[in-house]
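The values are calculated or read from the model by the stated rules, or taken from the named source; none is laboratory data. Small disclaimer: the values here were computed from a predicted structure and weren't measured. When we count neighbours, we look across all protein chains shown, and the Cβ atoms used for this are built from the backbone with ideal geometry, even at glycine.
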């Protein structure tokens, strides 16, 4: 073994392991997508009446587009578009009757990854209206006549407006970074081998 062999082995190790360590360091934060930290109302909460607005707080900033659907006995009661303020999304809500509610959401993490989830809560008193939003009536057939399910329509519209992003659009930056590191590793390895034969 010549005196140059340890130096050559060290150069080869640095050429191969260095970029791999850097790739792992870059990939770790890239995989840390946003997650739901808290909500108002909280999951499983019991409220006397439906609040004027609901909010969702995430572990990092999120970006548009954001979709929030608040569904209960009266259908989807979300009004207008949700407001995004850094890591918080707020959605205005109209008054609704007593019953079980679900708050479903879809937002986009700062790295472009879509985040979806659901929060459920209960309203014990509500605004005194029937599920279709009209005044209460004694005849159940009249009360239920001509009602539709706006929640299903809103959910279909949200799905149509937010097609799933392709794998490439979500991970193009990761692939480009790793590809650059592979090319750099190959170049360093080539230089190390060339020096060993000189």
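When you go through 65, 82 one by one, which is the residue that is more than 10 Å from the chain's Cα centre (by Cα) and at pLDDT 95 or above?
Step by step, each of 65, 82 is checked, and only 82 is more than 10 Å from the chain's Cα centre (by Cα) and at pLDDT 95 or above.
Any idea which of 45, 30 is more than 30 Å from residue 124 (Cβ to Cβ) and either in the same structural domain as residue 105 (by TED's automatic domain parsing) or modelled with pLDDT under 95 (or both)? Write out each step before concluding.
Working: 45 fails: more than 30 Å from residue 124 (Cβ to Cβ).
Selected residue: 30, the only one of 45, 30 that is more than 30 Å from residue 124 (Cβ to Cβ) and either in the same structural domain as residue 105 (by TED's automatic domain parsing) or modelled with pLDDT under 95 (or both).
Could you list, in sequence order, the residues of segment 71-86 that are surrounded by fewer than 16 Cβ atoms within 10 Å (Cβ to Cβ) and part of a loop (DSSP other than H, G, I, E, B)?
Applying the first criterion (surrounded by fewer than 16 Cβ atoms within 10 Å (Cβ to Cβ)) to segment 71-86 yields 79-81, 83, 85-86.
Across segment 71-86, the qualifying residues are 79, 80, 81, 86.
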